[in-house]
Amino acid sequence: MTATVLDATAPQTDEELLLAVRQGQTDLFSSLVLRWEQPLFRFVSRMMPRPEDARDICQETFLRILDKADRYREGSRFSTWMYQIALNLCRDQARRSKRWGKLLAPGASFDETRFESPVTESANGPAEEAIRSEQRLALVRAMQTLPAEQREVLVLKEYEGLKFREIAAIVGCPESTVKSRMYYGLNGVRQALQQQGMDSL
């Protein structure tokens with residue numbers, strides 16, 4: 001099979017870039033990193049309590065993608081594979097640190113903006129921004145109460161905008177299980193918000 005050489009200056013799909021990297025055009029890997037470093041960091045930040053852990057996991061995710069490019073299944077979505085690698089690293093780190101299920105450790109600094117809605121309306125002034133900040137922190141606390149498996153699904157669906165079949169491939173369970181976790185996760189968030197005196201965000 002003849003390797004296809006891609007022009008580094010031409011726009012390419014994620015899948016085309018990774019296949020080219022696998023065939024030896026490793027200089028194109030930087031294009032994938034630039035394309036995905038911010039979305040990946042946002043995702044990992046919503047799963048891990050400490051920014052330094054999130055940064056380390058993002059770096060390790062890209063290193064593993066480069067190292068294991070030959071394991072990528074041609075025809076599948078690159079983003080699904082990337083999120084799967086990142087999520088497994090999050091789980092491993094959480095087990096090691098025994099912080100799984102604790103998004104906000106007591107006394108820890110936490111940037112509540114990582115749980116901002118993907119579509120954020122601009123505040124009209126300091127009062128509106130203060131309300132939004134309070135709402136984001138309430139959502140962080142609500143998400144903190146969820147089992148990890150429910151939080152994973154909620155983050156992937158509500159913040160990353162993935163479809164149930166994609167989430168199922170990432171978390172490694174049937175689509176019906178993903179939908180069940182989504183249902184119970186949303187109920188859990190709703191109840192936690194009500195306990196904080198907020199009916200909805």
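Since every read-out is calculated from the coordinates, none of them should be taken as a lab result. Bear in mind that the values here come from a model prediction, so they are computed numbers and not experimental data. Neighbour counts run over all protein chains shown; Cβ positions are idealised from the backbone, glycine included.
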(request) Mind putting a number on the dipole of the stretch 13-78 about its Cα centre? Charges go on the C-beta only, +1 for Lys and Arg and -1 for Asp and Glu, and I need it in Debye to the nearest 20. (result) 240
(request) Kindly give the semi-axes, whole Å and largest first, of the ellipsoid equivalent to the stretch 13-99, taking each as the square root of 5 times a Cα gyration tensor eigenvalue. (result) 24, 12, 11
(message) 7 Å from Cα along Cα→Cβ at both GLU74 and ARG91: what's the point-to-point distance in nm?
(response) 2.9
(request) Please report Rg over Rh for the stretch 125-195, where both radii come from the alpha carbon positions and Rh follows the Kirkwood definition. (result) 1.07
(request) Could you line up MET48, MET182 from fewest to most neighbouring Cβ atoms inside 10 Å? (result) MET182, MET48
(message) Give me the net charge for the shell around TYR72: Cβ to Cβ below 9 angstrom, other residues only, Lys and Arg +1, Asp and Glu -1.
(response) +1
(request) Sort GLU16, GLU152, GLU158, GLU52 so the one with the fewest other Cβ atoms within 10 Å of its own Cβ comes first. (result) GLU52, GLU16, GLU158, GLU152
